[in-house]
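Just below is one structure, and these are the notes that go with it.
The values are calculated or read from the model by the stated rules, or taken from the named source; none is laboratory data. Predicted model, so just to flag it, every value in this text is computed and none were measured. Positions of Cβ are backbone-derived with ideal geometry, glycine not excepted, and every protein chain shown enters the neighbour counts. In case anyone asks, the SASA skips ligands and DNA or RNA and just uses the protein heavy atoms, side chains included. Shrake-Rupley method; radii C 1.70, N 1.55, O 1.52, S 1.80 Å.
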Amino acid sequence: MRIALFVTCLNDTLFPATGRAVVRLLERLGHEVVFPRAQTCCGQMHYNTGYRRDAQRIAVHFVRTFSDAEAVVVPSGSCAAMVRDNYRRLAEPGSRLARQVENLLPRVYELTELLTDVLEVRDVGAYFPYSVTYHPTCHGLRMLGLGSRPYELLQRVRGLRLVELPEARECCGFGGTFAVKNADVSAAMAADKLGQVSATGAEVLCAVDNSCLMHLGGTAQRAGTGVRTVHLAEILSSTEQEPTVP
Amino acid sequence: MSTAFMGMPGFPRAARAAVNDAQLRSNLRTATRTIREKRDAAVSELDDWQDLRAAGQAIKNRTLRHLDLYLERLESAVQAAGGRVHWASDAAEANRLVTRLVRDTGESEVVKVKSMTTQEIELNEALGQAGITAYETDLAELIVQLSEDRPSHILVPAIHRNRAEIRDILASHMAEWGTPAPEGLTDDPRALAEAARRHLRDRFLTTNVAVSGANFAVADTGTMVVLESEGNGRMCLTLPRTLISVVGIEKVVPSWSDLEVFLQLLPRSSTGERMNPYTSTWTGVAPGDGPEEFHLVLLDNGRTNALSDTVGRQALRCIRCSACLNVCPVYERTGGHAYGSVYPGPIGAILTPQLRGTTAEPEASLPYASSLCGACYEVCPVSIDIPDVLVRLREQVVSQPGHRSEKAAMRAAGWVLGGHRRLGLAQAAATAARSVVPRRLPPPASAWTDSRDLPSVPGRTFREWWRDRAEGKESGA
Ligand code: SF4
């Protein structure tokens, strides 16, 4: 299959390893990955902060960039949810954008959806010899309804010991500009989440969203906690020959 | 909403104090977690919960769509049953009405059934100014009243207090308000409840006027419905000679059979009970039974404004179960006072700005008092999409004057993200400066780096790697 990668602006700029991991993983599974150069961002930050018009412009650009794609993979739960859930709300009913959105949406997948639902693979042949706990993230959990998909993928990674995260459903406190606008509450939420993560004793915290991981990883680093944050794609791309080192 | 919450700082500032109050946070965490678990258990017993939710949503939507019709029907039914109906467009008018009605009885004391609507209009304060004392009879409400505190939860107003604090409040303040607490009161829940019972019993037997709200008002029959767990409400609704119910116009439901849905949704969502302990209904007046006089004050106070907003109007479906408060991670860390409104938590964050407008604080900051995690929407028994309304209200806030630096930053970011070449240039600038990007930033960005380290900027963006790879500068990853 020919899959268009929407790497997301955050991954592109700060977490390029995640994008590289997606490419490596999908190519290893025998698929072709294309990277439409014109892509920029999904508009989530603008939309969530109340800048609807800016978000609309970004959405127009997004649907135009990906209109021809056979499938679009998004290695970020919140960006996938932005496109899938909120583009509909952004587009005026009956508008051109609305038609384009309806046309494109069924082909937009978060990474674990693409793997399990479209490519129908659960064992991706990965090797990652660490104890890992998974934070489901609010967008992955509630907006996308990823359910057991990430766990099914993780369970089949050789060497990996999956440790259950208590109170996994609770938000980590990132919330985009929430982390700045309500910094105290956001920090308190991150600290509590990190406490739960530490209690599992896992070496690695993983998620399908680098924004949550950035928030938790930054908190862990400041607090001097040993836990490391790794995007799920990087775990799934890891092999004996070319291991991902957390 | 004037006196008690006047001058409340914006949410972030009020929240900071709460977040740093360890006792408060631990009280809240324990309490919300307990209710949350109970609610989950009660809801998971029902296979048709999602259908019930959909039914509740549909009934409320239909009623709100034809609100004028159902309100008129309610008015006629109440009058036919011997009650009187009064219309209040805002808090001041409602307070004037109730004050006059109480004065007409010649009394200067009223007992109150716990009611959010009378708190919203600050009725107790208004009555107090007119020389009328209002006595709260719900245990938690009583605790709040005795300690001159403010409620911090819709259902459990004293949720921010633990047992030891409650014991101290009853022991030291009950005497000022009537029957004192017994000597040597302990913090055993039974002892606390017994002290309140004795105190309240005397009150019920001597007060001739009661003021209540209502959870539902049935249009067809003119019936008011109150759900409570202690039985105090029932005492207020039956013993006094005059009953005045202050009810928001959105509380109307078309017919008695609609209650079937809500009497399942509400108790399971709010207290995690299968059935509500005390459900009282009353219709007008009946000779020799209950109050001799019944007044219904129908309150607008911003509700028709909310109704005119196509996205925001769904907030009027709220049945005040408080499930959204109990699951909200923000509420759990701040408690209700930080919201500067009688409606705290997620529902407060969307209802208060709609009822009062978004120009002043704390209303302007309330739509941002959420990480948009969606837990509130997930539990809401009438499926109010709170995150969607929050975003809508944020749009309203940023369209007002102000927010200049944020608007500029957003516009700049929008411009950069508007084309990949611009994004590439911005990334190149970030990469060039990566060695000098500190882990801690000056204000306002310090809000982020006060408690978190920024990730280091990598040497090459993804897009550069992709280009290099395509040009054969690099083979694999
Ligand atoms: S918004 Fe929904 S969950 Fe919150 S109090 Fe109202 S009905 Fe309950």
Query - Only one of A:Arg37, A:Arg52, A:Arg89 that is farther than 30 Å from B:Ser365 by Cβ and either in contact (Cβ under 8 Å) with a residue 12 or more places away in the chain or not assigned by TED's automatic domain parsing to the domain that holds A:Gly175 (or both) - result: A:Arg37
Query raised in the report: In the stretch B:107-136, how many residues are assigned to a loop (DSSP other than H, G, I, E, B) and either more than 25 Å from B:Arg268 (Cβ to Cβ) or open to solvent by 20 Å² or more (accessible area, probe 1.4 Å) (or both)?
Result: 8
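This table checks each residue for (1) more than 14 Å from chain A (Cβ to nearest Cβ); (2) more than 16 Å from the ligand (Cβ to nearest atom); (3) in contact with a strand residue (DSSP E or B) (Cβ under 8 Å, 6 or more places away or on another chain); (4) open to solvent by 30 Å² or more (accessible area, probe 1.4 Å).
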{"residue": "B:Asn276", "(1), (2), (3), (4)": "yes, no, yes, no"}
{"residue": "B:Thr281", "(1), (2), (3), (4)": "yes, yes, yes, yes"}
{"residue": "B:Val285", "(1), (2), (3), (4)": "yes, yes, yes, yes"}
{"residue": "B:Gly288", "(1), (2), (3), (4)": "yes, yes, no, yes"}
{"residue": "B:Phe294", "(1), (2), (3), (4)": "yes, yes, yes, no"}
{"residue": "B:Val297", "(1), (2), (3), (4)": "yes, yes, yes, no"}
{"residue": "B:Arg303", "(1), (2), (3), (4)": "yes, no, yes, no"}
{"residue": "B:Ala306", "(1), (2), (3), (4)": "yes, no, no, no"}
{"residue": "B:Ala323", "(1), (2), (3), (4)": "yes, no, no, no"}
Query raised in the report: For the stretch A:218-245, which residues satisfy the criterion of being modelled with pLDDT of 95 or more and in a helix (DSSP H, G or I)?
Result: A:Leu232, A:Ala233, A:Glu234, A:Ile235, A:Leu236, A:Ser237
Query raised in the report: Would it be correct to say that B:Ser270 is assigned by the TED database to the domain that holds B:His160, among the polar types (S, T, N, Q), within 14 Å of the ligand (Cβ to nearest atom) and surrounded by 20 or more Cβ atoms within 10 Å (Cβ to Cβ)?
Result: yes
Report summary line: Within the stretch B:336-380, the residues that are away from the ligand (no atom under 16 Å from the Cβ) and crowded, with 23+ Cβ neighbours inside 10 Å are B:Ala338, B:Gly340, B:Pro362, B:Glu363, B:Ser365, B:Tyr368, B:Ser371
Query raised in the report: Being within 14 Å of another protein chain (Cβ to nearest Cβ) and buried (at least 24 other Cβ atoms within 10 Å of the Cβ), is that true of even one residue in the stretch A:149-172?
Result: yes
Query raised in the report: Among all residue pairs at least 6 apart or on different chains, which show Cβ distances below 7 Å where the first residue, located in the stretch B:448-474, is farther than 30 Å from A:Met189 by Cβ and the second is at pLDDT below 85 and among the hydroxyl-bearing types (Ser, Thr, Tyr)?
Result: B:Gly459/B:Thr431
Requested in this report: Among the residues of the stretch A:114-141, count how many are assigned to a helix (DSSP H, G or I) and open to solvent by less than 10 Å² (accessible area, probe 1.4 Å).
Outcome: 4
Report task. Quickly run through the stretch A:80-99 and pick out the residues that are open to solvent by 60 Å² or more (accessible area, probe 1.4 Å) and not charged (D, E, K, R). Result -> A:Pro93, A:Gly94
Report task. Test B:Ile154 against the stated conditions and say whether it is among the hydrophobic types (A, V, I, L, M, F, W, C) and crowded, with 23+ Cβ neighbours inside 10 Å. Result -> yes
**Report entry** Conditions (1) open to solvent by 50 Å² or more (accessible area, probe 1.4 Å); (2) more than 16 Å from the ligand (Cβ to nearest atom); (3) farther than 28 Å from A:Ala38 by Cβ; number of the one not met by B:Arg392
**Finding:** (2)
**Report entry** Boolean, A:Ala59 is at the interface with chain B (Cβ under 9 Å from one of its Cβ atoms), under 29 Å from A:Ala179 (Cβ atoms), among the aliphatic types (A, V, I, L, M) and over 17 Å from the mean Cα position of the chain (by Cα)
**Finding:** no
Requested in this report: Would you mind finding the one in B:Ala164, B:Ala171, B:Ala158 that is under 21 Å from the mean Cα position of the chain (by Cα) and farther than 15 Å from B:Ser212 by Cα?
Outcome: B:Ala158
**Report entry** Residue among B:Tyr339, B:Tyr377, B:Tyr343 that is touching a helix residue (DSSP H, G or I) at 6+ places or on another chain (Cβ under 8 Å), among the hydroxyl-bearing types (Ser, Thr, Tyr) and closer than 23 Å to A:Val180 by Cβ
**Finding:** B:Tyr339
Query raised in the report: With respect to the numbered conditions (1) within 14 Å of chain B (Cβ to nearest Cβ); (2) part of a helix (DSSP H, G or I); (3) aliphatic (A, V, I, L, M); (4) open to solvent by 20 Å² or more (accessible area, probe 1.4 Å), which one is the sole condition not fulfilled by A:Ala199?
Result: (1)
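Condition check ((1) modelled with pLDDT under 95; (2) within 26 Å of A:Ala191 (Cβ to Cβ)) across all residues:
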{"residue": "B:Ser2", "(1), (2)": "yes, no"}
{"residue": "B:Phe5", "(1), (2)": "yes, no"}
{"residue": "B:Pro12", "(1), (2)": "yes, yes"}
{"residue": "B:Ala54", "(1), (2)": "no, no"}
{"residue": "B:Ala77", "(1), (2)": "no, no"}
{"residue": "B:Leu101", "(1), (2)": "no, no"}
Query raised in the report: Looking at B:Val330, is it within 14 Å of chain A (Cβ to nearest Cβ), within 16 Å of the ligand (Cβ to nearest atom) and either without any contact (Cβ under 8 Å) to a residue 24 or more places away in the chain or in a helix (DSSP H, G or I) (or both)?
Result: yes
Report task. Can you tell me which residue among B:Gln57, B:Gln79, B:Gln50 is within 14 Å of chain A (Cβ to nearest Cβ) and farther than 30 Å from B:Asn162 by Cα? Result -> B:Gln50
Requested in this report: Being within 30 Å of B:Cys328 (Cα to Cα) and either in contact with a Cys (Cβ under 8 Å, 6 or more places away or on another chain) or open to solvent by 30 Å² or more (accessible area, probe 1.4 Å) (or both) is the filter here, so list the residues in the stretch B:157-185 that pass it.
Outcome: B:Arg161, B:Asn162, B:Arg163, B:Ala164, B:Glu165, B:Arg167, B:Asp168
Query raised in the report: Do any helices (runs of 4 or more DSSP H) lying entirely in the stretch B:369-426 carry at least 3 residues that are modelled with pLDDT under 90 and out of contact with any Lys or Arg (no Cβ under 9 Å at 6 or more places or on another chain), and which ones are they?
Result: B:404-417
Query raised in the report: Counting only residues that are among the β-branched types (Val, Ile, Thr) and at the interface with chain A (Cβ under 9 Å from one of its Cβ atoms), which one in the stretch B:364-406 is nearest to B:Trp49 (Cα to Cα)?
Result: B:Val391
Query raised in the report: Conditions: (1) within 14 Å of chain A (Cβ to nearest Cβ); (2) open to solvent by 20 Å² or more (accessible area, probe 1.4 Å); (3) of a type in the set (Lys, Arg). B:Arg313 meets all but one. Number of the miss?
Result: (1)
